[in-house]
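Reviewing the structure listed below.
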Amino acid sequence: MTVKTENQAFNELPTGALVLANGEVFYGQGCGATGAAVGEVCFNTAMTGYQEILTDPSYTDQIICFTFPHIGNTGTNTEDEEASTLRAQDAARGAIFKSPITPASNWRSDCELGDWLEKRGIVGLSGVDTRALTAFIRDNGMPNGVIAHAPDGKFDIEALSAKACGWNGLVGADLAKTVATEDSFDWKEARWVWPQGYEDKEGIKSVVVIDYGVKRNILRNLVTAGMKVTVVPPTTPAIDILALNPDGVVLSNGPGDPAATGEYAIPVIQDIIAAEKPILGICLGHQMLALALGAKTVKMEQGHHGANHPVKDYTTNKVEIVSMNHGFAVDQSSLPDTVEETHVSLFDGSNCGIRLKGKPVFSVQHHPEASPGPQDSFYLFERFADAL
């Protein structure tokens, strides 16, 4: 067992620990909620937007190591939540920081990050060599682990290691049902505009968003692009969706293994395609659209998590910097002849977008809504509006 800590330099009693399934232990100072949480450990390279990251339902059952060392300076507020339902309020299971949480210094902040983590039930850990942990993930893939916070500094490492080893992981996990809405609802809030903030708008074209763990800013971008938005649960039958007579359908982002969620989602998507409805898929929705069209998905070694990923759009030959959060990807070699690859990652060449030839059915792996991240991909919502 390898033990790594930076806190001895400060003569502090470790009150937090990250225990990996292989027995490695990273000690530090606990913050946020007390107790222990199990999940897949990934790293995120974004320099801003930690609240949006931690409330993204796509991070369900994951522990996030932030590579940017200073976290907390913008505090938290009620407007920057990204989960659209209370069911997804515990999206990320844990958060790992290099430095202790920075005091908030922002006019929009209404709660310190440490207090917010505690309220949300998210276990935090600081004082960890995040560079070493990130390098480990890059070399070995995303491990299962347990993050623990004990103010008295007492940890049963063997029990925590056994918990990490005994967790089944994300492969084969259908998590959409645990975070998505149980009841349909309408959404009217548009993008944040200075200085008034969020405002409601009335759209013209109607779209149904199938919620697999949708982020609020996806809904806001659809409204801003002129659409009337209705959100439905992930298990909604195609006949009920088509009965709403939407002009188009959006397959949202979400957590877990797309093949597992696809067991009930793929037939619905295939029926919507057969009904000649325009479709936009995002992240998990992109992966499940690919499955519905006959392709396959694979688990990635380290995934893509950050707000600085370069992606090329083959339809325009432009390169955009995008926000990403996914641990599964569409297998390019499995794409059928009826499907065209439209976007590709310039980091590793993995698939980032497809479209069904001859039909207004397309999807992207990245997050065009950002939150956090650059706004280079907002055009995709306008492209979808044009398709309607």
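The values are calculated or read from the model by the stated rules, or taken from the named source; none is laboratory data. Note that the coordinates shown come from a computational prediction; the quantities given were computed from them, not determined experimentally. Positions of Cβ are backbone-derived with ideal geometry, glycine not excepted, and every protein chain shown enters the neighbour counts.
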Q) Taking only pairs six or more apart or across chains, which ones have beta-carbon atoms under 6 Å, a first residue in the range 201-221 that is assigned to a helix (DSSP H, G or I), and a second residue that is hydroxyl-bearing (Ser, Thr, Tyr) and crowded, with 24+ Cβ neighbours inside 10 Å? A) ARG216/SER84; ASN217/SER371
Q | Which listed residue, of TRP187, TRP116, is of a type in the set (Phe, Trp, Tyr) and in the same structural domain as ILE282 (by TED's automatic domain parsing) | A | TRP187
**Q.** Selection status of VAL193, surrounded by fewer than 24 Cβ atoms within 10 Å (Cβ to Cβ) and at pLDDT below 95
**A.** yes
Q. Taking the range 286-302 as the search range and keeping residues that are under 21 Å from the mean Cα position of the chain (by Cα) and more than 24 Å from PHE43 (Cβ to Cβ), which one is surrounded by the fewest Cβ atoms within 10 Å (Cβ to Cβ)?
A. LYS296
Q. What pairs can you find where one residue is in the range 90-109 and not assigned by TED's automatic domain parsing to the domain that holds ASP56 and among the basic types (Lys, Arg), the other is assigned to a strand (DSSP E or B) and surrounded by fewer than 17 Cβ atoms within 10 Å (Cβ to Cβ), and their Cβ atoms are less than 6 Å apart, with a gap of 6+ or different chains?
A. none
Q: Would you check which residues across the range 171-200 are touching a residue at least 60 places away in the same chain (Cβ under 8 Å), part of a loop (DSSP other than H, G, I, E, B), under 28 Å from PRO258 (Cα atoms) and not acidic (Asp, Glu) and list them?
A: VAL171, GLY172, ALA173, LEU175, ALA180, THR181
Q | Residues of the range 84-98 satisfying the condition of being at pLDDT 95 or above and either surrounded by 24 or more Cβ atoms within 10 Å (Cβ to Cβ) or among the hydrophobic types (A, V, I, L, M, F, W, C) (or both) | A | ALA92, ARG93, GLY94, ALA95, ILE96, PHE97
Q) Restricted to the range 265-289, and to residues that are in a helix (DSSP H, G or I) and in contact with a Ser or Thr (Cβ under 6 Å, 6 or more places away or on another chain), which residue is nearest to LYS215 (Cα to Cα)? A) GLY285
Q. Applying the selection to the range 224-241, what residues are of a type in the set (A, V, I, L, M), buried (at least 17 other Cβ atoms within 10 Å of the Cβ) and either free of Cβ contacts under 8 Å to residues at least 12 places away in the same chain or over 19 Å from PRO57 (Cβ atoms) (or both)?
A. ALA225, MET227, ALA238, ILE241
Q: Can you work out which of the residues in the range 312-342 that are in a strand (DSSP E or B) and among the hydrophobic types (A, V, I, L, M, F, W, C) is nearest to ASP257 (Cα to Cα)?
A: PHE328
Q | Pairs where the first residue, in the range 359-383, is under 18 Å from MET47 (Cα atoms) and the second is basic (Lys, Arg), C-beta under 8 Å, 6+ apart | A | HIS367/LYS215; GLU369/LYS215; GLU369/ARG220; SER371/LYS215; SER371/ARG216
Q: Using the structure shown, decide if GLY72 is buried (at least 23 other Cβ atoms within 10 Å of the Cβ), assigned to a strand (DSSP E or B) and outside the structural domain of HIS367 (by TED's automatic domain parsing).
A: no
Q: Search the range 251-270 for residues that are in the same structural domain as PRO234 (by TED's automatic domain parsing) and buried (at least 22 other Cβ atoms within 10 Å of the Cβ) and pair each with any residue that is part of a loop (DSSP other than H, G, I, E, B) and polar (S, T, N, Q) when their beta-carbon atoms are under 8 Å apart and the residues are at least 6 apart or on different chains.
A: PRO255/THR60; GLY256/THR60; VAL268/THR236
Q.
Conditions first: (1) assigned to a loop (DSSP other than H, G, I, E, B); (2) within 29 Å of LEU219 (Cα to Cα). ASP152 passes all but one, so which condition is the exception?
A. (2)
Q: Identify the residue in the range 111-147 that is part of a helix (DSSP H, G or I) and acidic (Asp, Glu) and, among all such residues, is farthest from ILE53 (Cα to Cα).
A: ASP139
**Q.** Selection from the range 156-170 of residues that are closer than 14 Å to GLU40 by Cα and free of Cβ contacts under 8 Å to residues at least 40 places away in the same chain
**A.** GLY166, ASN168
Q: Output the number of residues of the range 56-84 satisfying the condition of being among the β-branched types (Val, Ile, Thr) and in contact (Cβ under 8 Å) with a residue 60 or more places away in the chain.
A: 4
Q: Consider ALA92 carefully, then state whether it is among the small types (Gly, Ala, Ser), closer than 27 Å to ASN168 by Cβ and not in a strand (DSSP E or B).
A: yes
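Listed here are the residues, each with its yes/no results for (1) touching a strand residue (DSSP E or B) at 6+ places or on another chain (Cβ under 6 Å); (2) on the phi < 0 side of the Ramachandran plot; (3) crowded, with 22+ Cβ neighbours inside 10 Å.
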residue	(1), (2), (3)
HIS305	yes, yes, yes
TYR314	yes, yes, no
VAL319	yes, yes, no
VAL322	yes, yes, yes
SER345	yes, yes, no
GLN375	no, yes, no
